Amino acid sequence: MVGALILLTSALAQDCHYQNWDWSVRERRPVNIQRVITSKAKLTPEERGTHAGCSVCEEDQTELQVAGLRFKMCRRHAQRAELALKQLHQKGFPLKEIEGYRVGKSKGLVNAQGLRTQFSNHSYGVAIDINASLNGLYENCVSFSPACRLIRGGVYDSTKKGAITPAIAELFKAQGFKWGGEIQGQQKDFMHFSPTGD
Ligand SMILES: [Zn+2]
């Protein structure tokens, strides 16, 4: 009984650490970089997020290593992402860059200071970027054409080795992820997978 009480108390007092920043639309770089120390019990709704068990806290993340690349993802999603990445690697797909967990406000409305105001899905460790230098993020891009504007990463050409194709995206879809390269709306994020695609 005492043991159970101690366990309960330590779970409630569980620490939460993360490094945050705000994306400056004007300066096109992260600003207000800060280390946050709080407790799981005191998380705000936005810090907790909407993906069960995957908050912005480092404590919810685990480190993975695939093809010699190290990155972090939320424990609840890590195994499924790792499986899809290992299948890719086994097919001979060149994995050059992988980025998972990375806390930062790079989404949502821009405030009066020119800063984005919402955490991206990477902030919760539920999104993963693959080979950013070959699979750029485009704006003004309802459907992919030369009129789309590249805002992050490198030019997307589906015929290049290391580019994400619809066939490659199927491996991730089978594990419950959606591909940012085929979501509805103004953005196409060819490097990006998450449960919602954004
Ligand atoms: Zn991404």
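The values are calculated or read from the model by the stated rules, or taken from the named source; none is laboratory data. As the structure is a prediction and not an experimental result, all values here were calculated from the model. Glycine also receives a Cβ, built like all others from the backbone with ideal geometry; neighbour counts cover every protein chain displayed. Calculation scope for accessible area: heavy atoms of the full protein, side chains included, ligands and nucleic acids excluded. Shrake-Rupley method; radii C 1.70, N 1.55, O 1.52, S 1.80 Å.
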Note to self: If the only charges are +1 at each Lys and Arg Cβ and -1 at each Asp and Glu Cβ, what is the size of the charge dipole of region 60-194 around the Cα centre, to the nearest 20 debye?
What the structure shows: 140
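Quick check on the chain: helices-only [θ] at 222 nm, where DSSP H runs of length 4 and up contribute -39,500 (n - 2.57) each and the sum goes over total residues. Nearest 500, please. Don't skip to the answer; put the middle values down first.
Details: 4 runs with 39 residues, N = 198.
Per the formula, -5500 deg cm²/dmol.
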Check: Quick one: if the Förster radius is 25 Å, what FRET efficiency do Ile33 and Ser145 give, using the C-beta to C-beta distance and rounding to 0.05?
Finding: 0.10
Checklist line | Hz values of 3J(HN,Hα) by residue in region 40-53 - Karplus curve (6.51, -1.76, 1.60), Gly and Pro given as x | finding: 4, 5, 9, 5, 6, x, 6, 5, 6, x, 10, 9, 3, x
Item checked: Kirkwood hydrodynamic radius (C-alpha pairs) into Stokes-Einstein, region 45-93, 37 °C and 0.692 mPa s, D in µm²/s -> 278
Next item on the list: In nm, give the distance between the simple-model label positions of Arg26 and Thr62, each being 7 Å from the Cα along the Cα-to-Cβ direction.
Entry: 4.3
Notebook entry, point to check: Does the chain come out rounded, prolate or oblate by the C-alpha gyration tensor, with a ≥ b ≥ c the root eigenvalues, rounded set by a/c under 1.5 and, if not, prolate when a/b is larger than b/c and oblate if not?
Noted result: oblate
Notebook entry, point to check: Taking the Cβ of Gly53 as the center, what net charge do the other residues with Cβ under 13 Å away carry, scoring Lys and Arg +1 and Asp and Glu -1?
Noted result: +2
Notebook entry, point to check: Among the lysines, which have Cα under 27 Å from the Cα of Lys107 when same-chain residues fewer than 8 positions away are ignored?
Noted result: Lys40, Lys42, Lys72, Lys96, Lys173, Lys178, Lys188
Notebook entry, point to check: How much accessible surface does Tyr101 have with a 1.4 Å probe, in Å² rounded to 10?
Noted result: 40
